[in-house]
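The values are calculated or read from the model by the stated rules, or taken from the named source; none is laboratory data. Remember, it's a predicted structure, so these values are computed and weren't measured experimentally. Because the Cβ atoms are built from the backbone with ideal geometry, glycine has one as well, and the counts that use them run over all protein chains shown. With ligands, DNA and RNA removed, areas are computed over all heavy atoms of the protein, side chains included. Shrake-Rupley method; radii C 1.70, N 1.55, O 1.52, S 1.80 Å.
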Amino acid sequence: MKIAVFVGSLQQNSVNKKLAGTMEKVAGERMEFEYIDVNLPLFNQDLEENYPVEARRVKDAVETADGILFVMPEYNRSVPGVLKNAIDWASRPWGTNSFKGKPAGVVGGSIGPVGTAVGQSDMRHIAAFLEMEMLGQPELYLANATHDMFDEQGIMKDERWYKNITEYVRVFGDWVESHKK
């Protein structure tokens, strides 16, 4: 199963990149993670006529993926701008929404005690509008996330969180398989 993975952070040493890496390790051979480069020009409808090559790569990756995974921090109680921008590119031009009908999931970690609960809620609204098939349960909000939760290879070392991640990956994989066409 091919999974297009949108990590909503440009930070080099992002906790969410480490979370995605842990999920990829847990998925093993069951899923192939394709990390999407979200460092794109700002969406501008004037550019749709000469669609940027890097944005076209994102659309193509979404269209060929079996499922979509959003791994995101929460900025100002919402979706990070860089992630929203990538989503805007892949859903445009009007009438060519690459996300339509795709099974999707959202997880994330932040330093706050509620993890990314509010940002994920906003992401679910965006996904519903774009007609993605969003996994409802389980939810994964990595709260009080710090770099020392991960080992030198960037893999989660906290047993409780590793167990939660493993369960999410299992259910997400089943979700994507149940929606394969």
Next on the checklist: Looking at region 67-80, I want the residues that are on the phi > 0 side of the Ramachandran plot and part of a loop (DSSP other than H, G, I, E, B) and have a partner that is of a type outside the set (Lys, Arg) and open to solvent by less than 40 Å² (accessible area, probe 1.4 Å) with Cβ atoms under 8 Å, at least 6 apart or on another chain. Which pairs are those?
Outcome noted: Arg77/Gly119
Checklist outcome for this item: Of (1) under 28 Å from Pro138 (Cβ atoms); (2) modelled with pLDDT of 95 or more; (3) among the polar types (S, T, N, Q), Asn39 satisfies every one except (1)
Item to check | Any pair with Cβ under 6 angstrom, 6 or more apart, that starts in region 128-139 at a residue that is open to solvent by less than 70 Å² (accessible area, probe 1.4 Å) and ends at one that is in a loop (DSSP other than H, G, I, E, B) | outcome: Leu130/Ser91; Leu130/Asn97; Leu130/Phe99; Met132/Phe99; Met132/Lys102
Checklist outcome for this item: Screening Lys84, Lys18, Lys2 for residues that are touching a Gly at 6+ places or on another chain (Cβ under 9 Å), open to solvent by 20 Å² or more (accessible area, probe 1.4 Å) and over 25 Å from Asn164 (Cα atoms) leaves only Lys84
Checklist outcome for this item: When region 112-162 is checked residue by residue, the ones that are part of a helix (DSSP H, G or I) and among the basic types (Lys, Arg) are Arg124, Arg160
